[in-house]
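Q: Right, I'll just put the structure down here and ask away after.
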Amino acid sequence: MLKPTRTILALATGSLVLGLVGAGAAVADDGDNVPPREIVVGDGQPGTYPDYKHAIGKVVSKGPLKVRSKPTTKSRSVGHVYPHRKLEIECKKYGEKVDGNRIWYRLYDENNENNNENLDNGMDAAPNRAAYEKERWVSARYVKNLSEVKYCR
């Protein structure tokens, strides 16, 4: 009589653990009910990336990684990146903790660099402000840096 009870308890415990692991994945993608667009680096084809000017990282999340407008999970989602994709990382900064990791990576955006060059050339500062509002951040918890990442200024 004891053996079936132990078996049932072991199966119930295993199911509970597997259910909680699945719930953890669901929490990582909190869903904004807005279909996010994929952030594509290079030409979008895995394994065919151009020479990078900045640090490189690889997405190691199990599902699509949300790209945020600020280094916090409460900020607006501006897209997502699929697992195993490479990212061009401009710099890193401390932000909200994600699974014990406070570092966030700002993704390189060619448009932001062009706006900064315009500012250096004496053009209006308004484009630079617009570029700041379009920053793209990902939690370093789900990105493995493949080269050294400098801190943001």
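The values are calculated or read from the model by the stated rules, or taken from the named source; none is laboratory data. These numbers were taken from a predicted model, which means no experiment stands behind them. Neighbour counts run over all protein chains shown; Cβ positions are idealised from the backbone, glycine included.
Q: When the residues of the stretch 50-83 are narrowed to those that are within 12 Å of TYR108 (Cβ to Cβ) and surrounded by fewer than 16 Cβ atoms within 10 Å (Cβ to Cβ), which ends up modelled with the lowest pLDDT?
A: Selected residue: PRO50.
Q: What are the residue pairs meeting all of these: first residue in the stretch 124-153, first residue closer than 17 Å to PRO71 by Cα, second residue of a type in the set (Ser, Thr, Tyr) and modelled with pLDDT of 50 or more, Cβ atoms under 7 Å, and 6 or more apart or on different chains?
A: Qualifying pairs under 7 Å: GLU135/SER69; TRP137/TYR105; VAL138/TYR105; ALA140/TYR105; TYR142/SER61; VAL143/TYR105; VAL149/TYR105.
Q: Another one. Quick check, is LYS86 modelled with pLDDT of 95 or more and charged (D, E, K, R)? Outline the logic, then answer.
A: Values: modelled with pLDDT of 95 or more: no; charged (D, E, K, R): yes.
When the stated conditions are applied, LYS86 does not pass them.
Q: Can we say TYR132 is modelled with pLDDT under 85 and among the aromatic types (Phe, Trp, Tyr)? Let's see the steps before the verdict.
A: Values: modelled with pLDDT under 85: yes; among the aromatic types (Phe, Trp, Tyr): yes.
So TYR132 passes the test.
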